[in-house]
Amino acid sequence: PGPLPTGTRSTETHCPYCALQCGMTLTAGDRPATLVPADFPVNRSGLCSKGWSAAELLDHPERLLRPLVRAVPGDRTSPLVEASWDEALDRVVEAIGRTQERYGRDAVGCFGGGGLTNEQAYQFGKFARVALRTSAIDYNGRFCMSSAAGAANRAFGLDRGMPFPLSDVAAADVVVLVGSNPADTMPPAMQYFDEGRARGALHVVVDPRRTATARNAGLHLQPLPGTDLALANGLLHVALAEGLVDEAYVAARTTGFDDVRAGVAAYWPDRVERLTGVPVEDQRRAVFALARAPRAIVLTARGAEQHRSGTDTAQAWINLALALGLPGRPGSGWGTVTGQGNGQGGREHGQKADQLPGYRLLSDPAARAHVAGVWGVDPGDLPQPGRSAFELLDSLGTDGGVRTLLVLASNVAVSAPDARRVLSRLGDLDFLAVSDFFLSETAELADVVLPSAMWAEESGTMTNLEGRVIRRRRALDPPVGVRDDLQLLAELAGRLGAGHLFSADPETVFAELGRASAGGTADYSGITYRRIDDEQGVFWPCPATGDGEERHPGTPRLFTERFATPDGRARFLRVEHVEAHERPDADYPYVLTTGRVLAQYQSGTQTRRSRSLQLIAPTPRAELHPDLARQLGIGPDDVVELATRRGRARFHAAVTDAIRPDVVFAPFHWGGGSSANALTDADALDPTSKMPAFKVCAVAVVRIGGP
Ligand code: SF4
């Protein structure tokens with residue numbers, strides 16, 4: 001390539017979408033910007049179609065460039081009209097004051113997202129606790145990673161999605177993927193699987209659908225959704241019966257195995273086959289391969305985790321990995337495949353209802369004292385833990401619930417379960433403010449909409465699925481009239497009398513985040529922007545100890561010597577299979593499961609507006625087995641209506657033998673009449689993680705019309 005035109009510059013940054021955080025080089029000057037993949041250690045010059053098309057949206061005609069307010073304040077039937085930032089922010093602050101005066105501090109709520117940078121997530125948590133002094137804050141990661149996080153904290157004393165670098169996946173001789181489909185959700189990650197397969201590694205995929213990942217695997221187990229826990233217990237039963245357990249490892253590095261040993265005795269193979277549908281022979285093949293491999297990894301993801309027993313399901317797979325002596329060995333272990341771009345960092349810095357930065361608990365007096373010291377406030381002024389995401393949304397507009405809500409980087413009208421109920425609750429609010437780049441389905445309902453900067457226009461850090469902290473670098477200026485969320489929070493804090501405590505400078509906020517996290521499990525205190533630049537990312541924990549050669553190198557691989565529990569041992573925990581909250585019956589005879597497709601991302605606010613992605617995935621398609629389609633008189637591309645106890649939604653039929661005949665799959669990237677989450681069940685939350693049952697409910701299917 002020749003020299004760049006005058007005024008044009010290239011910036012190394014990262015994809016705005018998923019947790020792989022692929023490196024890319026963005027060239028910008030005169031818009032439109034262009035991008036190419038970077039040879040970053042994670043994606044090694046790969047990008048998927050979402051990443052390739054990311055720059056398209058920076059100049060999208062539907063981008064919000066000015067704040068919007070209701071033409072008639074307080075009347076959400078009046079149109080949204082453009083306003084100045086001052087007017088919009090004044091309306092937000094007036095609503096906060098009115099609500100807190102009338103209903104108390106906790107009547108103002110905050111809802112964040114796993115796409116926020118670490119700095120924004122940190123600042124949002126601090127804003128809620130210090131500027132608003134409300135307990136009412138949670139975020140959309142509660143619907144994503146909370147079960148795996150809960151299980152990892154319980155078993156290992158620390159939650160980092162993958163406690164090892166991605167390169168370990170390439171080095172493993174066996175990888176078991178449970179409810180994960182990286183070939184569609186993060187294709188560049190398949191390089192690591194391909195590398196392993198080229199060496200002869202066996203990949204085992206556990207998924208009710210024969211996904212692109214399953215098609216490439218050596219063994220595909222196809223359980224009924226919601227039975228992954230029973231399968232894991234069954235595999236451990238076989239391992240015990242066949243003498244495959246690593247008793248020396250169990251004795252030296254774990255506690256609690258005897259109880260688990262007793263518990264899995266009831267999961268004999270033919271019972272597990274009846275519960276899950278996975279043949280006894282396949283169970284045996286999987287567990288023998290795992291146990292005999294010199295290096296083996298078990299990875300769970302949302303398919304296993306988004307259940308009312310999601311935390312216990314992740315624990316069951318951790319139990320299996322521990323019994324086989326995997327965690328802490330190079331090329332081996334248990335991990336979870338994070339979904340959202342900053343799904344890892346988003347849950348570490350205090351935007352969760354029960355947490356403070358550094359993964360500290362808000363209920364812990366020592367944690368409160370430490371963080372309050374960094375924030376310059378009295379620990380007694382910090383609120384107590386608040387409601388989890390769905391409980392918060394379900395409280396909107398109710399007595400004792402949230403009356404004014406500020407939403408950053410989240411489209412709950414599409415992404416929350418039982419979406420019709422959530423839409424109705426949003427309508428009951430006294431006041432809703434939403435910061436976003438487009439008029440999302442949630443922003444459409446707001447009293448005030450604040451236009452935010454997009455990824456390429458802001459600076460900050462993200463933490464990828466390996467726990468590698470990386471730099472999102474500003475490649476171009478945001479359009480006039482657009483502000484980033486750090487600016488927004490600093491402006492609001494200023495109007496609320498706390499401006500002196502809130503910087504809008506990302507590097508300053510990151511340094512403060514480091515101090516707040518020091519001594520916590522997710523310790524960022526030794527990480528600086530400079531180090532991230534020099535080292536192509538730094539893995540936490542990285543405490544600020546030593547200098548020069550002596551400084552802490554970061555921690556790519558965890559648990560090599562000890563786990564992060566008080567006694568250094570991993571904890572087994574006995575867990576039992578429970579039936580899904582909703583089972584098929586005469587009215588709703590099939591199982592509905594939901595998930596993602598390659599060319600869309602999360603609630604689709606961005607990807608549904610991308611012209612090139614729309615060409616690949618223009619319409620939502622529900623997958624049905626040919627036997628079920630025949631029985632219901634449904635042909636390929638026919639319009640079908642899926643109905644559950646909560647609502648109805650229409651899709652085009654994709655008739656495929658890649659799915660079990662008793663299961664229907666619907667993608668969740670669309671809203672309106674094709675909202676998969678209008679169907680999902682939020683009545684039974686996981687008792688530990690508060691995760692709703694996104695992956696299982698009972699559904700009826702009818703043909704509505706032809707293609
Ligand atoms: Fe972006 Fe994820 Fe695709 Fe990489 S895999 S380009 S991070 S969406």
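Observations on the model:
- Relative contact order (%) - criterion: Cα under 8 Å, at least six apart; region: the chain: 19 percent
- Distribution of pairwise C-alpha distances over the chain, 10 Å bins, in %: 3, 15, 26, 28, 19, 7, 1, 0
- Estimated distance in nm for a label pair at Gln631 and Leu219, the labels positioned 7 Å out from Cα along Cα-to-Cβ: 2.9 nm
- Computed over the range 408-448, Cα set: Rg, Dmax in Å: 9.5, 25
- Among the GluC sites (Glu not before Pro) found in the range 531-578, those both in a DSSP coil and sparsely packed, with 10 or fewer other Cβ atoms within 10 Å of their Cβ, are Glu561.
- Cβ-based exposure ranking for Met454, Met190, in which fewest neighbours within 10 Å come first: Met190, Met454
- Computed from the Kirkwood radius of its Cα pairs, the Stokes-Einstein diffusion coefficient for the range 147-336 at 20 °C and 1.002 mPa s stands at 133 µm²/s.
- Overall, the ratio between the Cα radius of gyration of the range 649-707 and 2.2 N^0.38 Å, rounded to two decimals, is 1.29.
- Debye, to nearest 20: dipole size of the range 147-336, +1 on Lys, Arg Cβ, -1 on Asp, Glu Cβ: 180 debye
- Averaging Cα coordinates gives a centre for the range 112-131 and one for the range 518-567; these two points are 22 Å apart.
- Summing charges over neighbours of Ala599, with a neighbour being any other residue whose Cβ is under 11 Å away from its Cβ, gives +2 when K and R count +1 and D and E count -1.
- Other residues with beta-carbon under 12 Å from the beta-carbon of Pro707 carry, at +1 per Lys or Arg and -1 per Asp or Glu, a net charge of 0.
- Net +/- balance of residues flanking Gly673 in space, Cβ distance below 9 Å, scoring K and R +1, D and E -1: +2
- Ranking of Phe193, Phe164 by count of other Cβ atoms within 10 Å, fewest first: Phe193, Phe164
- Zero-based 10 Å bins, Cα pair distances in the range 590-705, whole percents: 15, 45, 32, 8, 0
- For the chain, the mean residue ellipticity at 222 nm estimated from helices alone is -8000 deg cm²/dmol, where every DSSP H run of n ≥ 4 contributes -39500 (n - 2.57) and the total is divided by all residues, rounded to the nearest 500.
- Per residue, the average separation of C-alpha pairs within less than 8 Å and at least 6 apart gives the range 231-338 a relative contact order of 36 percent.
- Binned Cα-Cα distances of the range 6-90, short to long, each 5 Å bin given as a whole percent: 3, 13, 17, 15, 11, 10, 11, 10, 8, 3, 1
- Computed from the alpha carbon positions, the gyration tensor of the range 282-418 leads to an equivalent ellipsoid with semi-axes of 37, 21, 13 Å, biggest first.
- Look at the alpha carbon pairs under 8 Å that are at least 6 residues apart: their mean separation over the length of the range 147-336 gives a relative contact order of 32 percent.
- Considering only the chain, percent of DSSP beta bridges that pair antiparallel, nearest 5: 45 percent
- Debye-sum result for the range 490-606 in log10 I(q)/I(0), which assumes one identical scatterer on each alpha carbon, at q = 0.12, 0.18, 0.22, 0.24 Å⁻¹: -0.84, -1.02, -1.17, -1.27
- For the range 467-516 and the range 274-349, distance of Cα centres in Å: 36 Å
Quick note: the coordinates plus some simple rules give every number you see, no bench work behind them. No experiment lies behind these values; they were computed from the predicted model shown. Positions of Cβ are backbone-derived with ideal geometry, glycine not excepted, and every protein chain shown enters the neighbour counts.
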